[in-house]
Amino acid sequence: MFKSVLEGSAAAPDMMVMVNGVETPAWNGETVASILLRVPNVGRTSPVSGKPRLPYCQMGVCFDCLAVVDGIASTQGCLVAVRPGMRIDIQRGPREIAR
């Protein structure tokens, strides 16, 4: 797994976010995708093949960083900066479309 460059340094976390119900340290400037790379077993599965996916391109092109952020499904984690108290959950399957 990956680590934040600030993890283990003298810099205390700027905030805590919830990742699948677990309180997780985060720093200002981090994206949801960077947290998904640091926390074990939070990658989503492809709705087509069921294969595991993790953030890849980090610039909004590949859509492998999709997550449920504060209740909003199919959020591109690489384009969203973390905020104190944010809730991040694994996206399971395709997004449901409200009718």
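What's the ranking of 48-54, 85-91, 19-25, 38-44 by average number of surrounding C-beta atoms within 10 Å, highest first?
85-91, 38-44, 19-25, 48-54
Return the distance in nm (one decimal) between the two label points of a simple spin-label model at Glu23 and Cys57, each offset 7 Å from Cα along Cα→Cβ.
In this crude spin-label approximation the distance works out to 3.7 nm.
When the scattering of region 14-99 is computed by the Debye formula from its Cα atoms alone, each counted once and equally, what is log10 I(q)/I(0) at q = 0.17, 0.24, 0.26 Å⁻¹?
One equal scatterer on each Cα of region 14-99 leads to -0.62, -1.20, -1.38.
Just so you know, all these numbers are worked out from the coordinates, no wet-lab data involved. These figures come from a predicted structure and were not determined experimentally. We place every Cβ from the backbone using ideal geometry, glycine too, and count neighbours over all the protein chains shown.
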